[in-house]
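The values are calculated or read from the model by the stated rules, or taken from the named source; none is laboratory data. Remember, predicted model here, so these are calculated numbers, not experimental data. FYI the Cβ positions are ideal-geometry reconstructions off the backbone, even for glycines, and counts take in every protein chain you see. Side chains are part of the model used for accessible areas, which takes the heavy atoms of the whole protein and leaves out ligands, DNA and RNA. Shrake-Rupley method; radii C 1.70, N 1.55, O 1.52, S 1.80 Å.
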Amino acid sequence: MAPSGSGSIKRSCQRVLYWIPVLFITIIVAWSYYAYVVQLCIESVQNIGEKIVCLLAYHVFFCMFAWAYWQTIFTKPMNPLKEFHLSYADKELLEREDRGESQQEILRRIAKDLPIYTRTMSGAIRFCDRCQLVKPDRCHHCSVCDKCILKMDHHCPWVNNCVGFSNYKFFMLFLLYSLLYCLFIAATDLQYFIKFWTNGLPDTQAKFHIMFLFFAASMFSVSLSSLFGYHCWLVSRNRSTLEAFRAPAFRHGADKNGFSLGFNKNFRQVFGDEKKYWPLPIFSSQGDGCSFPTCLVNQDPEQPSSPAGYNPSNKNAGETNTFPAKPLRESQSRLLNSGQSWTEGERPDDKDKRGTSNPAMTIENET
C-alpha cells in the first residue's frame with residue numbers, strides 16, 4: 001500500500017507542476033490587460049477617438065487569443081479507436097504465447113485488417129506495448145500523457161496538453177492570435193514608449209507599465225513569429241513536428257513528403273473546407289485522425305482501407321469517427337480529388353477486407 005500511496009502523491013504533484021507554465025502565461029496576459037486598458041488607454045491616451053479605437057481593437061485580439069488558448073488547453077487529445085486495440089481474447093492469447101514468432105503472428109493477424117501504411121524504420125508494424133494497440137498512421141505515444149495520441153505533433157508545456165489531430169488547428173490559431181496580440185500592443189504602445197524616454201509622459205506609475213509592456217510585447221513577438229512561421233511551414237508540407245525530425249516510413253522506405261498533397265489540400269486538411277471556420281477556434285479539420293491519404297500512387301497492397309468486419313451502420317449515434325470505405329489511393333482520396341467522395345454504405349470487396357499476411361514482416365514495439 002505504501003508504494004501505491006507514494007506513487008499517487010507523486011503523480012498529483014506532477015499534475016500541479018505541469019500547470020505552472022500555463023499559470024505563468026495567464027499572469028502575464030492578465031497584467032498586460034491591466035497595463036494596456038487601464039494604464040495606457042484610460043490613463044495615458046488623451047484623444048477620445050484613439051482611445052475608443054484602441055480599446056475595441058484590443059479586445060477583439062484579446063478575446064480571439066483567449067478563445068484559441070482555452071481550446072488548445074482543454075480540448076482532449078483523441079486516442080485510437082477500439083478497432084486498433086487488442087481485444088481481451090487477443091491479450092490472453094498473447095500472454096499464453098512465448099515472446100516469439102507465434103506472438104508476432106497474432107499481431108500480424110490484427111494489423112492486416114487495419115488501414116495502416118506506415119512502418120517503423122526497420123519495416124515492422126508500429127505497435128505500442130504500453131497501450132496494447134497497433135498504432136494508426138501518424139499516431140505516437142506521449143510519455144507525459146501516457147497515451148497514444150492521434151497525429152501527435154508534440155506535447156506543449158505552455159498549454160499542458162498534447163498537440164495533435166483534435167487541437168492542432170486551435171494551436172495554430174493560438175500562435176496566430178498571440179502574435180497579432182503582441183504586435184498590436186507593441187505598435188500602439190510605441191509612441192508612448194518613445195515619450196517615456198523623452199520625458200513626454202507625466203510622472204506616474206503608468207510610465208513604467210508602458211515601458212515594460214512594450215518590452216514584453218516586442219520580445220514575445222520575436223519568439224512567436226519564428227514559432228508560428230515554423231508551424232506554417234509544417235502545415236504547407238503536411239508534416240508534424242515529430243515527422244519533421246524523423247520522416248515517416250512506408251514499405252518502400254522513409255518519405256518525408258509521404259503525406260503531402262500540395263499546399264491547398266494540406267491547408268484544408270488542418271483547417272477544413274469551409275472558409276468561414278478558418279479564423280475561428282472551432283474544430284473543422286478533415287478526416288478522423290486514424291487514416292490519412294498519401295501522395296503515394298501505389299499503396300501497400302497488403303493493408304485494407306478499413307478494419308475487417310467494421311460496419312458503419314452499426315455505429316452508435318454519438319460516434320462520428322469513420323474509416324474511409326475505399327483504399328486511400330491517389331485516384332480515390334477525397335483530399336486528392338475534391339470532385340469525388342465516398343459514401344458510408346460502400347464496402348470494399350472481400351479480398352481487400354480480408355487483407356493478406358506478410359511472412360517477411362516483423363513486429364516491433366514502438367512507444
Exercise. Is one or more of the residues making up segment 276-298 modelled with pLDDT under 50 and within 29 Å of A111 (Cβ to Cβ)?
Worked result: yes
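One line per residue, one yes/no per condition, for (1) among the small types (G, A, S); (2) part of a strand (DSSP E or B); (3) exposed (fewer than 13 other Cβ atoms within 10 Å of the Cβ):
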site: Y192; (1), (2), (3): no, no, no
site: I210; (1), (2), (3): no, no, no
site: L213; (1), (2), (3): no, no, no
site: M219; (1), (2), (3): no, no, yes
site: F228; (1), (2), (3): no, no, no
site: C232; (1), (2), (3): no, no, no
site: A244; (1), (2), (3): yes, no, no
site: G258; (1), (2), (3): yes, no, no
site: K265; (1), (2), (3): no, no, no
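Of the residues that make up segment 166-186, is at least one open to solvent by less than 70 Å² (accessible area, probe 1.4 Å) and over 29 Å from the mean Cα position of the chain (by Cα)?
Looking through segment 166-186, at least one residue is open to solvent by less than 70 Å² (accessible area, probe 1.4 Å) and over 29 Å from the mean Cα position of the chain (by Cα).
Yes/no matrix, rows are residues, columns are (1) of a type in the set (S, T, Y); (2) under 20 Å from N257 (Cβ atoms):
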residue: R109; (1), (2): no, no
residue: Y117; (1), (2): yes, yes
residue: M121; (1), (2): no, yes
residue: R126; (1), (2): no, yes
residue: K135; (1), (2): no, no
residue: K147; (1), (2): no, no
residue: L150; (1), (2): no, no
Exercise. Which one of F24, F74, F65 is open to solvent by less than 70 Å² (accessible area, probe 1.4 Å) and of a type in the set (F, W, Y)?
Worked result: F65
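Quick grid of which residues meet (1) under 18 Å from H59 (Cα atoms); (2) at pLDDT 95 or above; (3) in contact with a Ser or Thr (Cβ under 6 Å, 6 or more places away or on another chain):
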| position | (1), (2), (3) |
| --- | --- |
| C182 | yes, yes, yes |
| A186 | yes, yes, yes |
| L190 | no, no, no |
| N199 | no, no, no |
| P202 | no, no, no |
| A206 | no, no, yes |
| M211 | no, no, no |
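Assess whether Y58 counts as being of a type in the set (F, W, Y), open to solvent by less than 70 Å² (accessible area, probe 1.4 Å) and within 28 Å of L179 (Cα to Cα).
It is true that Y58 is of a type in the set (F, W, Y), open to solvent by less than 70 Å² (accessible area, probe 1.4 Å) and within 28 Å of L179 (Cα to Cα).
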Problem set entry | Failed criterion for K51 (all others in (1) charged (D, E, K, R); (2) open to solvent by 10 Å² or more (accessible area, probe 1.4 Å); (3) under 23 Å from H154 (Cβ atoms) hold) | (3)
For this session: Residues that are touching a helix residue (DSSP H, G or I) at 6+ places or on another chain (Cβ under 8 Å): find the strands (runs of 3 or more DSSP E) completely inside segment 117-186 holding 1 or more of those.
Result: 125-128, 140-142, 154-156, 161-163
Problem set entry | Positions within segment 12-62 being among the hydroxyl-bearing types (S, T, Y) and modelled with pLDDT of 95 or more, in sequence order | T26, S32, Y33, Y34, Y36, Y58
Exercise. Based on what the data block shows, is R96 more than 19 Å from C148 (Cα to Cα), touching a residue at least 60 places away in the same chain (Cβ under 8 Å) and surrounded by fewer than 16 Cβ atoms within 10 Å (Cβ to Cβ)?
Worked result: no
For this session: Please specify each residue of segment 267-298 satisfying the condition of being of a type in the set (V, I, T), within 18 Å of the chain's Cα centre (by Cα) and surrounded by fewer than 18 Cβ atoms within 10 Å (Cβ to Cβ).
Result: I282
Exercise. Out of segment 194-208, which residues are of a type outside the set (F, W, Y), surrounded by fewer than 17 Cβ atoms within 10 Å (Cβ to Cβ) and assigned to a helix (DSSP H, G or I)?
Worked result: I194, K195
For this session: Looking only at segment 79-90, count how many residues are of a type outside the set (A, V, I, L, M) and either touching a residue at least 60 places away in the same chain (Cβ under 8 Å) or surrounded by 13 or more Cβ atoms within 10 Å (Cβ to Cβ) (or both).
Result: 6
For this session: Just give me the residues in segment 104-139 being over 19 Å from K82 (Cβ atoms) and open to solvent by 30 Å² or more (accessible area, probe 1.4 Å), in sequence order.
Result: Q104, E105, M121, S122, G123
